[in-house]
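The values are calculated or read from the model by the stated rules, or taken from the named source; none is laboratory data. As the structure is a prediction and not an experimental result, all values here were calculated from the model. Here the Cβ positions follow ideal geometry from the backbone for every residue, glycine too, while neighbour counts run over all protein chains shown. When the accessible area is computed, the model is the full protein with side chains, heavy atoms only, and any ligands, DNA or RNA have been set aside. Shrake-Rupley method; radii C 1.70, N 1.55, O 1.52, S 1.80 Å.
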Amino acid sequence: MHWMNIRKTYPNQWLVIEAIKAHSVKTKRLLDKIAVMETCLDGTTAMQKYRRLHQQHPEREFYFVHTSRRQLNIQER
């Protein structure tokens, strides 16, 4: 799924997402294909679920985000 479709499907919600297909341009991470892993009631819960998934699957690329964001602006570290 693409971010625009996710925003329409899950309006005004906290989500834990997984980057299924992604690439980097300079210092930004661009997510080409995204899967919604969890919907959450608030940011704290989303962060906790993100941490749990990241600990269980450190090789996978998870993020927690709110769908009010028009674009994902993910900076690489």
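Give the carbon-plus-sulfur fraction of the accessible surface of the chain in %, rounded to a whole number; probe 1.4 Å, heavy atoms of protein chains only. Please report the intermediate quantities before stating the final value.
On the way: 2680 of 5430 Å².
Carbon and sulfur together cover 49 percent of it.
Based on the reciprocal of the average 1/r between different C-alpha atoms, the Kirkwood radius for the chain equals 12.6 Å.
In percent, how large is the relative contact order of the chain, given Cα pairs closer than 8 Å and 6 or more residues apart?
The value is 40 percent.
Residues of region 2-47: accessible area per residue at 1.4 Å, in Å²? Don't jump to the answer; show the numbers that get you there.
Details: 2880 Å² over 46 residues.
Computed with neighbouring chains in place, this is 63 Å² per residue.
Can you check what the net charge comes to around ASP32, using other residues whose Cβ is under 14 Å from the Cβ of ASP32 (Lys, Arg +1; Asp, Glu -1)? Mind showing how you got there, number by number?
Working: positive: LYS21, LYS28, ARG29, LYS33; negative: GLU18, GLU61.
Taking every Cβ under 14 Å from that of ASP32, the sum is +2.
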